[in-house]
1. Got a sec? Which of 65, 112, 98 is more than 13 Å from the ligand (Cβ to nearest atom) and at pLDDT 95 or above?
2. Being near the ligand (Cβ under 9 Å from one of its atoms) and in the same structural domain as residue 88 (by TED's automatic domain parsing) narrows it down to one residue among 171, 186; which is it?
3. I'd like the full set of residues that are surrounded by fewer than 20 Cβ atoms within 10 Å (Cβ to Cβ) and either more than 20 Å from residue 84 (Cβ to Cβ) or free of Cβ contacts under 8 Å to residues at least 40 places away in the same chain (or both), limited to the stretch 106-121.
4. Hey, which of the strands (runs of 3 or more DSSP E) in the stretch 183-299, taking only ones fully inside, have at least 2 residues that are without any contact (Cβ under 8 Å) to a residue 40 or more places away in the chain and within 21 Å of the chain's Cα centre (by Cα)?
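The values are calculated or read from the model by the stated rules, or taken from the named source; none is laboratory data. No experiment lies behind these values; they were computed from the predicted model shown. Don't worry about glycine lacking a Cβ; one is built from the backbone with ideal geometry, like all the others, and counts go over all protein chains shown.
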Amino acid sequence: MISLKNAAISGRIEHHVPLSKMTWLRVGGEASCMFHPNDAQDLSEFLQQFPQKNTHILGAGSNILVRDGGVAGCVIKMGKGFRTFHATDTHIDVGAGLLDRYVADRCQKLGLSGLEFMTTIPGTIGGGLAMNASCYGAGFADRLVHANVMDPFGKIHILLPQELNYGYRSCGLPSGWIFLSARFLCTPSEPDGIALTMAEMDLQRKKTQPIMVKTGGSTFANPQKGSAWEWLDQAGFRGKKLGQAMFSEKHCNFLINLGDASAKDLETLAEQAKKAVFDQSGVTLRWEIVRWGAHSAAV
Ligand SMILES: Cc1cc2nc3c(=O)[nH]c(=O)nc-3n(C[C@H](O)[C@H](O)[C@H](O)COP(=O)(O)OP(=O)(O)OC[C@H]3O[C@@H](n4cnc5c(N)ncnc54)[C@H](O)[C@@H]3O)c2cc1C
C-alpha cells in the first residue's frame, strides 16, 4: 500500500480501483493502486520516491483488455495536468492526456492541417504515440517532430521519431517510459476544408465499423499478407460469439462486449480465432489490443 502522507507529491493515489470503468471493453479486475499525477514534476517525484517495477500507463483505455484478476502494482492515469495545448503557424505542442478528437478539433479551428485523422481515434495523444495509431493513410509517427518522455527514474528526455524506432502499430519506447507531451508538424490550411475532410472520415467510420459499442477497436494488427478482418472472416469468425463476447458482424476484427462479458470470454474467443486462422492458412495474427494483468486475482 502506497501512502503519500509525508511525500512532496500533490497527485492523488487510490487503492483497489475497478479498471472495467476506465476501459472501452468494460471488463477486468482492479488496479491494486492508481496514481493521478498533477503534472510532470509530480510524476517525477512519485517515480523517484516509489520506484515502479512494472508500470502501467492508462490513457483513454480504448486499446486495453484488462484481465479478470486485475493489475498488481500501480497504474498511472494521465489526467488533467497533461492536457496542455499550444499552437504556432507550423506546429502544435500537446500534452499526452489530451484526447485525439479534441486536438483535431482545435487544429481545425486554427486552420492547421495534417492531424485530421485524429478525429476518429478514440484515444489520447499518449496512447496514440505508444501504439503508433493511424487511419485513413496518416498516423502519429508521420507528423511527430519530437516527444517529451519520462524514464522510470523520473528523468525527462526529448526523443526524435527515429529514436523511437516506429513501425506499424509499434513503438520502441522502452518499457516503463512514459510519454508526457509531443510536438507535431502542421500545415496552414482553410478551416472549412479541414472540417470537410474530418466529416468524411467520420462518415466512413460509421459506414464500416460498429459505433457505440464496448470494443477495443481492431483486435489484431494486419499481418504482412491480407487484412486481419479478411482472415477472420474466412475462418468463420464474423458474428461468432462466446458467452457475451462477439466478433462484430459489421467489422469482424472488432471484438465486442455485448453486455457482461468477462475478460476471459473475450480473450478466449480471440485466441480461438487466432488458432483457426493459423490452422487454416498458416498466418499468425498479432494482438493489437494490449492485455494487462492476471487471469485470476492473487490470493
Ligand atoms: C472504436 C475504436 C476505434 C479505433 N480505431 C483506431 C484506428 O483507426 N486506428 C488505430 O490505430 N487505433 C484505433 N483504435 C485503438 C485505440 O483507440 C488507439 O490505439 C489509441 O491510440 C489508444 O489510445 P488510448 O489513450 O486509449 O490508450 P490506452 O488504451 O489507454 O493504452 C494503450 C497503450 O498505450 C500505452 N500508453 C497510453 N498512454 C501512454 C503514455 N502517456 N505513455 C506511454 N504509454 C502510454 C498504454 O500503457 C497501453 O500500452 C480504436 C479503438 C476503438 C475503441
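1. Testing whether each residue is more than 13 Å from the ligand (Cβ to nearest atom) and at pLDDT 95 or above leaves just 112.
2. Residue meeting the stated conditions: 171.
3. 106, 111, 113, 120 - these are the residues of the stretch 106-121 that are surrounded by fewer than 20 Cβ atoms within 10 Å (Cβ to Cβ) and either more than 20 Å from residue 84 (Cβ to Cβ) or free of Cβ contacts under 8 Å to residues at least 40 places away in the same chain (or both).
4. Because the criterion is at least 2 residues that are without any contact (Cβ under 8 Å) to a residue 40 or more places away in the chain and within 21 Å of the chain's Cα centre (by Cα), the strands (runs of 3 or more DSSP E) in the stretch 183-299 that meet it are 245-247.
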